[in-house]
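The values are calculated or read from the model by the stated rules, or taken from the named source; none is laboratory data. Everything quoted here is computed from the prediction, not taken from an experiment. Because the Cβ atoms are built from the backbone with ideal geometry, glycine has one as well, and the counts that use them run over all protein chains shown. Just so you know, the surface numbers come from the protein's heavy atoms only, side chains and all, with ligands and any DNA or RNA stripped out. Shrake-Rupley method; radii C 1.70, N 1.55, O 1.52, S 1.80 Å.
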Amino acid sequence: MSDFIRFENVSYSYDDNEEEFDSKQEQIKNLSRVDFAVENVNFGIKKGEFVAIVGRNGSGKSTLARTMNALLLPSEGVVFVNDIDTRNDEMIWEIRSRVGMVFQNPDNQIIGTSVEEDVAFGLENIGVPRNEMIERISSALDVVKLQNERKTEPHLLSGGQKQRCAIAGIIAMQPECIVLDEATAMLDPIGRREVINLIKKLNKENNITIVHITHHMDEVSQADRVVLIDNGKVLADTTPRKLFSDVQLVKEAGLEVPQITALMYNLRKKGIDVPNDIITEEEGIAVLSELLKKGGEIQCL
């Protein structure tokens, strides 16, 4: 299976001088000073995958996200979306219809005076016929469980509901991929759980490709793959289980492992024989329960 999104030798540089960018944020070539936020990135994301991208603040992960639907264009190299070069101006709306973006602050994305009006915004912009628009809005609100709030003013929604509303607007556009750039960062635990459950459902039931950029490691454990970025470069591209089994690597990259993984790591340091690849609370509870049954002594850490 070919990659749905593919990065080939991709680098991106922000520059202090505004004149070195045109209105489309394309970087003028031959800059005298190049300081890359993303440097020589090569990897692919297949249709239907759930990929988490992680890294410390300033690592380049959000820059990378914005190259996936041509909000930013590479300074060097090429990003392909379904084999379309994102630098192709004539295909920009085709690319953005295939790859939807959800950002950190839902208040910055919601512009309608009601939930259904907000979901309709993108559809109106691309000229979807009214009858089809009504069907798409209703279907999207069903998916995100906001049908009962369709007439509600967005500012009355909870944080999790606002983010689900933003996602509904993307779903209505019928994308093949949704990129969430720290979309759970401003949510409380309940809101985070609502959003994660939703994107897992979209991934498994609708085969929508999910790219989730997050600093919450418990969310990463639910992805198929995780790409670790540091200083603009890919340090690791593997499964969450394999990445979190290397606690030292994760810590050196300025991140933490899931709490249950950290607990198991500390137990091993105390000489207690537990696995080094536990990444979910359910797995951890099973291991600790078995230790207690065997009469193992577990110190409070």
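Of the DSSP beta bridges with both residues in the chain, give the percent that are antiparallel, rounding to the nearest 5.
55
Below 15 angstrom from the Cβ of GLU256, what's the summed charge of the other residues (Lys, Arg +1; Asp, Glu -1)?
-3
Return the single residue from THR152, THR209, THR184 with maximal mean-square fluctuation; model: Gaussian network over the chain, springs between Cα atoms under 10 Å.
THR152
In square angstrom, what is the accessible area per residue of the chain with a 1.4 angstrom probe?
50
Given 0.36 nm per residue, what is the gain on full extension from GLU281 to GLN248 after removing their alpha carbon distance, in nm?
Full-extension gain reported as 9.8 nm.
Roughly to the nearest percent, how much of the accessible area of the range 143-231 is carbon and sulfur, given a 1.4 Å probe?
47
Starting from a Cα-only point model with no solvent, please compute log10 I(q)/I(0) by Debye for the range 200-301 at q = 0.10 1/Å.
Treating every Cα as an identical point scatterer, log10 I(q)/I(0) equals -0.33.
Suppose R0 equals 35 Å. What FRET efficiency, 1/(1 + (r/R0)^6) with r the Cβ-Cβ distance, do MET91 and LYS270 give to the nearest 0.05?
It comes to 0.05.
Rounding to the nearest 10 and keeping the result within 0 to 90°, find how far the Cα-based axis of helix 159-172 lies from the longest principal axis of the chain.
Approximately 50 degrees, to the nearest ten.
Treating each Cα of the chain as an identical point scatterer and ignoring solvent, apply the Debye formula and state log10 I(q)/I(0) at q = 0.09, 0.11 Å⁻¹.
-0.50, -0.73
Multiplying the sequence separation of MET186 and THR152 by 0.36 nm and subtracting their Cα-Cα distance, what value in nm do you get?
Net length gain for the segment: 10.1 nm.
Based on DSSP H runs of at least 4 residues, each adding -39500 (n - 2.57), what is the mean residue ellipticity at 222 nm of the chain after dividing by all its residues, to the nearest 500 deg cm²/dmol?
Mean residue ellipticity, 222 nm, calculated: -10500 deg cm²/dmol.
Put a dot 7 Å past each Cα toward the Cβ at LYS200 and THR238; how far apart are the dots in nm?
Spacing of the two 7 Å Cα→Cβ label points: 2.3 nm.
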